[in-house]
Structures are given as structure tokens and as C-alpha cells.
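The values are calculated or read from the model by the stated rules, or taken from the named source; none is laboratory data. Every value quoted in this text rests on a predicted model; they were computed, and no experiment measured them. For neighbour counting, all protein chains shown are included, and Cβ atoms are generated from backbone atoms with ideal geometry for every residue, glycine included. Heads up: the accessible areas ignore ligands, DNA and RNA and are worked out on the full protein's heavy atoms, side chains in. Shrake-Rupley method; radii C 1.70, N 1.55, O 1.52, S 1.80 Å.
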Amino acid sequence: MYHEKLKPFPKDFLWGASTSAYQVEGAYNEDGKGLSVQDVAKHPEGTSDFNVTSDFYHHYKEDVKLFAEMGFKAFRFSIAWTRILPNGTGEINQKGIDFYNNLINELLSYNIEPIVTMYHFDLPYELEKKGGWSNRETIDAFENYSKVLFESFGDRVKYWLTINEQNMMILFGAVLGTVGEDGQDPAKKLYQQNHHMLLAQAKAMKLCHAMCPNCKIGPAPNISSIYPATSKPEDILAASNFSSIRNWLYLDAAVFGRYNSVAWSYMEKRGCAPIIEAGDMDILKGTNPDFIAFNYYSTMTVAANNETGANDKSKADQQRAFKEAGVFEGAANTNLEKTQFGWEIDPIGFRNTLREINERYNLPLIVTENGLGAYDTVEENDTINDDYRIDYLRKHVEQAQLGITDGVKLFGYCPWSAIDLVSTHEGCKKRYGFIYVNRDESDLKDLRRIKKKSFYWYKKVISSNGEDLAE
Ligand code: BG6
């Protein structure tokens, strides 16, 4: 749809950016922090571990000052469960509470709204050893952890996100380091874990509303429009299958409190439908999320697949589809350009995705990740000319405004990432930030912060409330 006149971004629009604890904080074993599954995960050869990352734990004041200079209205970050409860349950680590209190207060002193993800891929290792999300006790552990968070920070943190990209943990857990190597394609186990996470999320949302009536809470999956590879009805059906399995399974449960019917029939066909205990469906109902947060990097394209053989996830990651025999198979979209890391770039797909979520759920939306992972080079006089990142972000901001004009209730945009950090599986050479961190995979150098060209560009975007997108 072509609009003669665009609606402006709302006056109090939450411009900001995002990070996650294990990818940015470092200090993985300091001040009483327990180990998470990420701290013990194997790293692909030649990529950094998560021990120091960008050392935000020790640089947060300097970094928040830079965020304020960019004009951030919001900063989305995650709390490391293991800083608060080193064993996942039991004793509270006061130093962990202190760190996040200091960070939140620092942000508020610059009028930056903290947006907190409660759990971003870093399950406490002590819980993992007891079965992790396969163990129903982890549901109670998460509820207890969320209670500690609301008690400690609910007076100042208004926006809460439950679980980051639960759908990616289920579909691509091996890549994200969130499932062990104890079984290839352990679908039965994964969808049972998924059910437990849905229950944990529902309990946390209800608790939030009960404990902090002034707070708002919502889920934070990764959502993408799914395209059929051709207009063949079989491909269109495959796209609908994958959309239910990848997207709507998670949001239907979070918003409507029920399982998506196509996703359920897929799980039955695969023999991996979860065991639902008495009372579970009542827990899922009536959570009333206040908004939907979602991460968007690109769309995905799929074709029909009528085989009965094995599935192939070997080339898959968050943005690269795979083959599910008899359900769909990933296809390349030749209309789209790709990033240096092979992810397709689809700004118009962003508008489509916004519209799809809006039409299906009719809730306020906030984008909590969107961005370009690229190799950056420091040139003369400490300059980093990341025009490619500006180009990517500009096109997505344009589409966000078109989405708003289409009627989407978008109230914030927090791209990935505020500052360079370590990618989930491709090291720190895959950079996303507005601020460069001077280190490489094996050499921590001086961890100096350097403003990239995109830093100055985003500052202008924010100060003009999205009107000035020029370089
Ligand atoms: C999202 C995650 O999947 O994508 C982030 O929430 C992640 O944690 C981001 O870093 C980009 O993915 P990657 O694999 O390039 O780090």
C-alpha cells in the first residue's frame, strides 16, 4: 500500500538498543555469579568464549554515558539469572542485585527507560544439571526468580520481557548453546521443554501483574513473515506450516493461552507433542500480556517437502531455514541481498511482519532486536565507516514508519546491539553495535570504546524522532 502521507513516530517513542547479559557483561565468575549453560558451552573453533565479552560489567557507567549521548530513550538488557541466584534457586547474591540496581539507577539518571529481559539463553548450569527445562521444577525456579526480580527492581523497571526467543531455543538450540549434545534432533524432549517454558512464562506474567500493577510485561520471540518459494499451493501450505511452527505456536500460547492447532498437529505427527498435566492449560490462560516484544532480522522462505526421510538442520541457524521431511524445506529468496554472514536482508518483510503480528493479536508492539552483523574495520583516526549498517537500519526504520501508518501500534525500536558484543555462535568479529569495542577473538587488547559512524547517524534519528534518516 502506498501512503501519500506518513504518520509520524509517536511523541514518546522508545528509541534505544539492546544487549544480553552473557554476550556483553563478561565477569562470568565474579562477585558471586554462578555458571550458566553459556559459560560451560563449547565454542566453535576460532570464536571467543563469553568470559569477558565487552566487559560491560566493569564499563557500564562509561557505556551508559555513551547511550545517553546517542539520546537513547530506552535500553533493553537482560539480567543474568546466575548473578541473582547463583544456583538458580536458593540464596540470593546481594552483589548481583547491587549491580543491576546500579545499572538501572544509572540509566534512570539519564532518563533512559530500562527494558529488562528476565532470561536470555543463559539458564543456570546448576538447573541444567538437574534436567534444565525438562524438569518441571525449573518452572517453579523461574517463578521464584521472577519474584526476586519484581521485588528488587519492580519499583523502577516498568517494562519486562519474559524469555528471549523461546522459539529459537527450541528450533536452533544446538546453535545457540541452549541444548546439550545428548541427542540429535531431540524433538520430543524439546517440545516438552517448550511446554514448561510456556508455563513458566505464564506464571511470571501473572505474578508481575499481581505484584507490580504499574509494570508491563510481554513475551519476546523472534518473529518473521514466512514466504512460499512459489505460488504453488503446496508451497503456500508449507509456508503456513512453518509460520505456525516457528511463530504462532509461541505467540498463540502467550497471548491466547492455547496451542496453535497446526503446530499441535505437526507435533503429533512427529510424535513430539508434550505431556500436558492437569491444570496446565488453566495456567496458560488469562495471562494478558501488555504488549508483544519481538526480534526481527529477516524473513524466511520455504517450499513444500513430501519426503519421509530424515530432517536436515546442518546449515540452519536463527535465520537459515532447514528441512522438515513432509512439512517444509528452506529455500533461498533470490530477490533479497545477503549480509556478509549469509543472512537475507528484507526491510519490506519487516513491515509485513509488523502487520501480521498486529492483525493477529492487536496488541502494542516493540521491536527488541533488528540489526546487521558485519566485519567492521577501524580506519585512520579511530573512524569506523559502517555505512552498510546505516543502510540496513535506515531501511528498517522507514518500514517501521510505514507499518505505523498502516495502523500498527509500535511503541519502541531497540536494534541489536547498543554496543559490540559476542555473537551467539560467530564470535566477536560479527559486530552489531553502534559502539566498537576494541578486541578480537583471542586478544582482549584495551577494550576501548570507539563511536562508529552509525552512532552519529542514530543520534540524529533519535533527536529528530525518526524524521531525519539521512547520513
Ligand atoms: C538473536 C539473539 O537470535 O539474534 C541474540 O537474541 C543474537 O542473542 C542475535 O546475538 C544475533 O544473532 P547472532 O547469532 O549473529 O549473534
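Below are the figures for this structure:
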| read-out | value |
| --- | --- |
| The chain - percent of accessible surface contributed by carbon and sulfur, probe 1.4 Å | 49 percent |
| Relative contact order, percent, the range 14-463 [alpha-carbon distance under 8 Å, six or more residues apart] | 17 percent |
| Convex hull per residue volume in Å³, alpha carbons only, for the range 13-72 | 114 Å³ |
| Mean projected area in nm² (Cα convex hull; one quarter of hull surface) for the range 400-445 | 4.3 nm² |
| Interchain or long-range residues, amide H under 5 Å from Ile115's placed H | Phe75, Arg76, Phe77 |
| Relative packing of peptides 298-308, 372-382 - highest average C-beta neighbours within 10 Å first | 298-308, 372-382 |
| Ellipsoid equivalent to the range 14-463 - semi-axes via the Cα gyration tensor, in Å | 30, 27, 22 |
| Euclidean distance between Cα centres, the range 378-409 to the range 436-456, Å | 20 Å |
| Cα centroid of the range 8-44 to Cα centroid of the range 201-240, whole Å | 21 Å |
| Karplus (6.51, -1.76, 1.60) ³J(HN,Hα), θ = phi - 60°, over the range 198-212, in Hz, Gly and Pro reported as x | 4, 5, 4, 4, 4, 5, 5, 5, 5, 4, 4, 5, 6, 7, 10 |
| Under-5 Å amide H pairs with Phe328, H placed in peptide plane, nonlocal only | Asn305 |
| Average accessible surface area per residue within the chain, 1.4 Å rolling probe, Å² | 38 Å² |
| Cysteines (scope the chain) whose Cβ has no counterpart Cys Cβ under 4.7 Å | Cys208, Cys272, Cys414, Cys428 |
| Prolate/oblate/rounded label for the range 368-471 (Cα gyration tensor, a/c 1.5) | prolate |
| Calculated from backbone phi, Karplus (6.51, -1.76, 1.60) coupling profile of the range 456-471 in Hz, x at Gly/Pro | 5, 5, 5, 4, 5, 4, 5, 5, 9, 6, x, 8, 9, 9, 6, 6 |
| Between the range 266-304 and the range 100-141, the Cα center-to-center distance that results, in Å | 21 Å |
| Debye, to nearest 20: dipole size of the chain, +1 on Lys, Arg Cβ, -1 on Asp, Glu Cβ | 960 debye |
| Sum of -39500 (n - 2.57) over DSSP H runs of 4+, divided by residues of the chain (222 nm, nearest 500) | -11000 deg cm²/dmol |
| Amide H contacts of Tyr227 (H built 1.01 Å from N, under 5 Å, at least 5 apart or other chain) | Met300, Thr301, Val302 |
| In order through the range 275-287: 3J(HN,Hα) via Karplus (6.51 cos²θ - 1.76 cosθ + 1.60), integer Hz, x for Gly, Pro | 7, 10, 8, 4, x, 4, 5, 5, 5, 5, 7, x, 7 |
